[in-house]
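The block underneath contains the structure these notes are about, expressed in structure tokens.
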């Protein structure tokens, strides 16, 4: 099928590339990393694509996996693949573009207005629904930073449901600081996250350059957790919160709840297949590497030993802001 890979608003066009069911299942990220010299596709004018899909009536349910980052969203997405009735779309690139467009709506001279933004969201909801390849439902796993447009996505797809994966502050900080690229990731996302927080907190935030890595990690957790809570409050019943550590402590029970929430088969045989999946013993974003709950626990313990002072700085900042941790 021709998959809508990239949205180019400057030239008002969409890049579509050829993908099949196996390619979707293999992809951890539907971004530039899936392209190769063998990739086939081409650009289509945005107006032509909107006209071609305006009357589309897809019956496949569309659901979402939102998350606060580094909380097992790819693992859950890959486990859902094991049901055989889910078409996964992991981190579609246009989601990032749409999130940036939503942010820009507050500018004095935005590239697009609210009505045009909503039309684009509706277009991609239609396109993602149409990505089903012999499956019963499509489940989009969002990039963590794009979860801020969850209300727009759920508003455009009235039948959609979502889960929202999260962690408590301390294990989240330990997870973030364990990563080799954490300084780059934290500083790169900090401006957008702090803008989100500044609009919601009464207490002024320190400038980015005055924050330690632990404090940046804490504010990252706070920004994404605040977004999660707002989504849960706005769409009660449609969004199921899932604590990742609780998930790992009872994988079968949480899978049963997630499957039921999405309207997927939740019988004992389906759960058994998922529990036997090699996905549970591999690193979901790079399945060639072994990774399981025991290794994750060891990584977090090591992070706490090496970054304990920074974790403490982050937790103390949250306490000063009046945030229960």
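The values are calculated or read from the model by the stated rules, or taken from the named source; none is laboratory data. Quick caveat: nothing in here was measured; it's all calculated off a predicted structure. Using ideal geometry, Cβ is built from the backbone for each residue, glycine included, and neighbour counts are taken over all protein chains shown.
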How many of the residues making up region 56-92 are in contact with a helix residue (DSSP H, G or I) (Cβ under 8 Å, 6 or more places away or on another chain) and assigned to a strand (DSSP E or B)?
10
Going through 186, 194, 177 one at a time, which residue ends up being crowded, with 19+ Cβ neighbours inside 10 Å, touching a residue at least 12 places away in the same chain (Cβ under 8 Å), out of contact with any strand residue (DSSP E or B) (no Cβ under 7 Å at 6 or more places or on another chain) and within 15 Å of residue 315 (Cα to Cα)?
177
Quick count over region 132-169, residues being closer than 15 Å to residue 77 by Cα and either without any contact (Cβ under 8 Å) to a residue 60 or more places away in the chain or in a helix (DSSP H, G or I) (or both), is 2
Do we find that residue 240 is over 22 Å from the mean Cα position of the chain (by Cα) and either over 17 Å from residue 69 (Cα atoms) or modelled with pLDDT of 95 or more (or both) in this structure?
no
I'm trying to understand the selection: among the residues of region 31-55, which are touching a helix residue (DSSP H, G or I) at 6+ places or on another chain (Cβ under 9 Å), loosely packed, with under 11 Cβ neighbours inside 10 Å and either in contact (Cβ under 8 Å) with a residue 24 or more places away in the chain or not in a loop (DSSP other than H, G, I, E, B) (or both)?
32
Exclusive hit being within 21 Å of residue 157 (Cα to Cα) and surrounded by 12 or more Cβ atoms within 10 Å (Cβ to Cβ), set 21, 6
6
Per the filter on region 130-160, residues in contact with a strand residue (DSSP E or B) (Cβ under 7 Å, 6 or more places away or on another chain) and within 12 Å of residue 231 (Cα to Cα) are 147, 150, 153, 154
Sort through 192, 170 and tell me the only one that's over 29 Å from residue 298 (Cβ atoms) and in contact with a helix residue (DSSP H, G or I) (Cβ under 9 Å, 6 or more places away or on another chain).
192
What residue, of 106, 100, is assigned to a helix (DSSP H, G or I) and either more than 22 Å from residue 17 (Cβ to Cβ) or out of contact with any strand residue (DSSP E or B) (no Cβ under 8 Å at 6 or more places or on another chain) (or both)?
100
